[in-house]
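Worksheet: one structure, shown below.
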Amino acid sequence: MLVEWREELATGNPTIDSQHKELFRRLEGLSKACQEGKGRQELHGLLQFLREYVVRHFADEERLQLEYGYPDYRHHKAQHDGFVAEIAALDSQLASEGTTLPLMVLTNSVVFNWLGNHIIRMDSKLADFVRKSETADEVTPSRN
């Protein structure tokens, strides 16, 4: 199952959009590696990427939400915190068991569910909110 980046997923923030695109690219790499029987080699690199990605990306995204006064910030942040915990659990399992087939399947499931449930649904709502906020700012006269 390949999930491809679509422009309607863009938030309009170049930093966040490039981070999302990189995540999609990495997941496509894991999916292709699994199809070619090379998923075990790719798994370690993906988990390392995700450990670094969640820290940087979530901080950037949460900063954007606060900047725009996003009303669903707390729920969105709670989802981020949950994903950080899931990545930590996968990483711990990798350290204790090594690169196993069940871990590869679990990692695919966790990350693809994250794409479906968070980026495609939650981040799309954030993107719509940011776009509407920017449009409202453009048409609202300055009060100086």
TODO: Please determine, by comparing only the residues of region 36-68 that are acidic (Asp, Glu) and under 15 Å from the mean Cα position of the chain (by Cα), which one is farthest from residue 6 (Cα to Cα).
DONE: 52
Open item on the list: I'm told residue 33 meets every condition in (1) closer than 22 Å to residue 4 by Cα; (2) within 17 Å of the chain's Cα centre (by Cα); (3) aliphatic (A, V, I, L, M) except one. Can you identify the failing condition by its number?
Closed with: (2)
Task: Near pairs, Cβ below 8 angstrom, 6+ apart or cross-chain, from region 51-65 (loosely packed, with under 15 Cβ neighbours inside 10 Å and assigned to a helix (DSSP H, G or I)) to any residue that is at pLDDT below 95 and of a type in the set (D, E, K, R) - done: 51/91
Open item on the list: Please verify whether residue 111 is surrounded by 17 or more Cβ atoms within 10 Å (Cβ to Cβ), modelled with pLDDT under 90 and touching a Phe, Trp or Tyr at 6+ places or on another chain (Cβ under 8 Å), treating the condition exactly as stated.
Closed with: no
Task: Sole residue being at pLDDT 90 or above, polar (S, T, N, Q) and either out of contact with any His (no Cβ under 9 Å at 6 or more places or on another chain) or part of a helix (DSSP H, G or I) (or both), chosen from 41, 79 - done: 79
Task: Identity of the residue in region 1-25, touching a Phe, Trp or Tyr at 6+ places or on another chain (Cβ under 8 Å) and either of a type in the set (Gly, Ala, Ser) or touching a residue at least 24 places away in the same chain (Cβ under 8 Å) (or both), that ends up nearest to residue 104 (Cα to Cα) - done: 1
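The values are calculated or read from the model by the stated rules, or taken from the named source; none is laboratory data. Quick caveat, the model's predicted, so the values are computed rather than measured. Neighbour counts are summed over all protein chains in view; Cβ atoms, including those assigned to glycine, are modelled from backbone coordinates with ideal geometry.
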